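No value in this document is a laboratory result; all are computed from the given coordinates. Fair warning: this is a prediction, and the values are worked out from it, not measured in the lab. Note that each Cβ is placed from the backbone with ideal geometry, even for glycine, and that neighbours are counted across all protein chains shown.
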Amino acid sequence: MRTQITGKQIDIGDALQTHVKDELAVVMGKYSQRPTDATVIFSKNAHEFVCEVIVHLSTGLNVQAKAHATEIYAACDGAVEKLDKQLRRYKRRLKDHHKERTDPVELLSGASYILASEEETDDSDASMQPVIIAETEMKIQSLSVGEAVMQMELAGANVLVFKNEGKNAVNVVYRREDGNIGWIEPQTA
């Protein structure tokens, strides 16, 4: 497994890198037999250390976990523990997913825009067009609805845009305020 360990304005020593690689190897050995890539980012927020772990599974799905602690090793262990819990919860579905899908998840390119809030825009602009302050490339995965819900849960996201493999159309799954999952599927003519 390729592991990239970085620190935002923090020096990451060899001992911490070894600890992270060992902990990830144990967790990934239990749940994923295929090679994967992992990105671990350490940062500091006031008096707390933050550890964010993103694991890219070979099928194209991503798992993400984040933890805060006053010590950097404790933050790492907390994030790995959350990752372990997520993978344990979805182990059966991930294994079923591997059997059904022999090829990696298809990715489509898309654009993601960040629009300026109303406070940032000038009121004298009468065009009513939103002001774009950032644009990034976004990858849209081609998934089934069940896989999309699982991907949203594994990534810890509130919303996921995906291409529905069954209908060949762009769909959205999202977490509702009542805790349930919503699914938006456009009607075809």
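One table, with the values for the structure above:
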{"quantity": "FRET efficiency estimate (nearest 0.05) - Cβ-Cβ, GLU185 to ARG2, R0 35 angstrom", "calculated": "0.45"}
{"quantity": "Inter-label distance for LYS85 and SER142, nm, one decimal - labels placed 7 Å from Cα along Cα-to-Cβ", "calculated": "3.6 nm"}
{"quantity": "Leading residue at positive end of dipole, segment 2-98 (Cβ point charges), from PHE49, ILE10, TYR90", "calculated": "TYR90"}
{"quantity": "Full-extension gain in nm, ALA46 to VAL172, via 0.36 nm per residue minus C-alpha separation", "calculated": "41.8 nm"}
{"quantity": "Shape call, segment 145-184: gyration tensor on alpha carbons, a/c limit 1.5", "calculated": "prolate"}
{"quantity": "Which listed pairs, of LYS66/LYS139; LYS82/LYS139; LYS44/LYS139, have C-alpha distances above 27 Å, in listed order", "calculated": "LYS44/LYS139"}
{"quantity": "Per-peptide average of other Cβ atoms within 10 Å, ordering 78-84, 65-71, 142-148 highest first", "calculated": "78-84, 142-148, 65-71"}
{"quantity": "Estimated inter-spin distance, VAL159 and ASP11, nm [label 7 Å along Cα→Cβ]", "calculated": "4.3 nm"}
{"quantity": "Size of charge dipole - segment 2-98 - debye, nearest 20, with Cβ of Lys, Arg +1 and Asp, Glu -1, no other charges", "calculated": "660 debye"}
{"quantity": "Coarse-grained scattering of segment 2-98 at q = 0.15, 0.19 Å⁻¹, given as base-10 log I(q)/I(0) from a Debye sum over alpha-carbon atoms", "calculated": "-0.55, -0.84"}
